[in-house]
1. Short version: what are the Cα gyration tensor semi-axes of the chain, square root of 5 times each eigenvalue, largest first, in whole Å?
2. Where the centre of each part is set by its Cα atoms, how far does the range 235-250 sit from the range 65-137, in angstrom?
3. Just the number, please: Stokes-Einstein D of the range 118-190 in µm²/s, Kirkwood Rh from C-alpha pairs, 37 °C, 0.692 mPa s.
4. With viscosity set to 1.002 mPa s and temperature to 20 °C, compute the Stokes-Einstein D of the range 165-241, Rh being the Kirkwood radius across alpha carbon pairs; µm²/s, no decimals.
5. Rounded to whole Å and sorted largest first, what semi-axes of the equivalent ellipsoid does the C-alpha gyration tensor of the range 50-208 yield via the square root of 5 times each eigenvalue?
6. Add +1 for every Lys or Arg and -1 for every Asp or Glu among the other residues with Cβ under 14 Å from the Cβ of Gly180, and state the total.
7. At 4 °C and 1.567 mPa s, grab the translational diffusion coefficient of the range 87-140 from Stokes-Einstein with a Kirkwood Rh over Cα pairs, rounded to a whole number in µm² per second.
8. Please report Met117, Met217 as a ranked list, fewest other C-beta atoms within 10 angstrom at the top and most at the bottom.
Amino acid sequence: MCGSGVHREFFMPEQKPSNLKSETISGVIYAGSAFLIWGLGPIYWKALSGVPSPEIIVHRVIWSFLLLLALIVLGRFWNEFVNALKDIRVVLALFSTAVILALNWLLYVWAVNNNHMLQGSLGYYINPLVNVVFGVLFLKERLRRAQILAVLLAGVAVVYLTVSYGEFPWIALALASSFGLYGLIRKVAPVGALVGLSIETLLLVTPAAVYLVYLGMNGHASFLGGSLRTDLLLMGAAVLTAVPLTCFAAGARRINLSTVGLLQYIAPTGMFLLAVLYYHEPFSMTQVWTFIMIWIALIIYSTDSVIYFRKMG
């Protein structure tokens with residue numbers, strides 16, 4: 001449904017809907033579908049566990065760029081795409097976000113395929129709270145009391161996990177911080193989601209292609225190596241990138257920010273359930289208590305956000 005086409009409304013400023021209830025329902029379906037796809041994404045990457053993570057990412061970059069370029073043309077975003085490329089400040093901002101995004105993708109896929117999915121889930125649970133901290137540090141935002149409590153509780157959870165489990169959750173913190181930094185920098189680049197990601201992948205295409213040529217020359221390339229299934233999965237990474245993006249953009253313009261904030265927990269919850277129930281990653285009592293503290297922090301944060309946005313609305 002979400003990937004059947006790209007409409008200009010997906011990436012335009014929000015307009016007043018003609019039927020608020022209908023728009024809200026469709027918005028929840030669109031955004032919820034995006035987060036559900038992201039939450040179930042590890043199943044896809046696990047199917048490529050025989051391919052090195054860097055090679056998966058360069059294929060994701062190349063095939064995503066080709067698909068996004070087609071969507072740019074079909075969705076009539078070509079002028080916006082060209083104009084953004086002419087603005088050196090936008091290009092520099094998107095170059096930095098492209099590097100951060102590539103590193104985030106690489107760490108995420110590596111974590112999934114090396115049985116660190118629980119840490120990946122923890123990272124995306126923590127991400128909203130990292131965004132709050134970044135808002136204070138870089139945007140001079142002021143925290144409400146509930147936000148301070150949520151951030152402190154998340155910090156206690158991380159310290160508890162480190163001390164009790166004897167392992168610093170660097171994967172979780174790196175994923176949360178990189179994604180938070182990505183969102184922070186994207187704020188200064190006035191481009192839509194589709195155009196922005198298209199330029200980011202464009203900036204990564206050349207080094208990705210060079211790396212693939214290097215792998216091919218040394219006989220280490222998995223693509224066209226005899227497995228049609230692997231080839232199709234590598235190419236299909238573009239669809240897994242573009243479809244939830246269009247769904248999220250379509251949903252975000254139809255529903256308020258607090259609803260999006262609640263729906264975003266679908267993704268890490270999907271990862272968490274897959275890790276524990278399907279892939280049977282080790283789950284100690286220390287991790288149980290860590291997740292409980294994070295979940296309580298998120299309940300406090302989300303409840304405060306809903307109350308705040310209702311007052312503002």
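1. Details: eigenvalues 180, 145, 68 Å².
Square roots of five times the eigenvalues give 30, 27, 18 Å.
2. Value for the Cα centre distance between the two parts: 12 Å.
3. Working: Rh = 12.9 Å.
Estimated via Stokes-Einstein, D reaches 255 µm²/s.
4. On the way: Rh = 15.7 Å.
Diffusion coefficient, whole number: 136 µm²/s.
5. Details: eigenvalues 200, 95, 23 Å².
Each semi-axis is the square root of five times an eigenvalue, giving 32, 22, 11 Å.
6. On the way: positive: Arg186, Lys187; negative: Glu141.
In short, +1.
7. Details: Rh = 13.0 Å.
Calculated translational D: 100 µm²/s.
8. Details: Met117 24, Met217 9.
Ascending number of Cβ neighbours within 10 Å: Met217, Met117.
Read-outs: derived from the displayed coordinates by stated rules, not from any lab. The structure displayed is predicted, hence computed values, not measured ones. With ideal geometry, Cβ positions are generated from the backbone for all residues, glycine too; neighbour counts draw on all protein chains shown.
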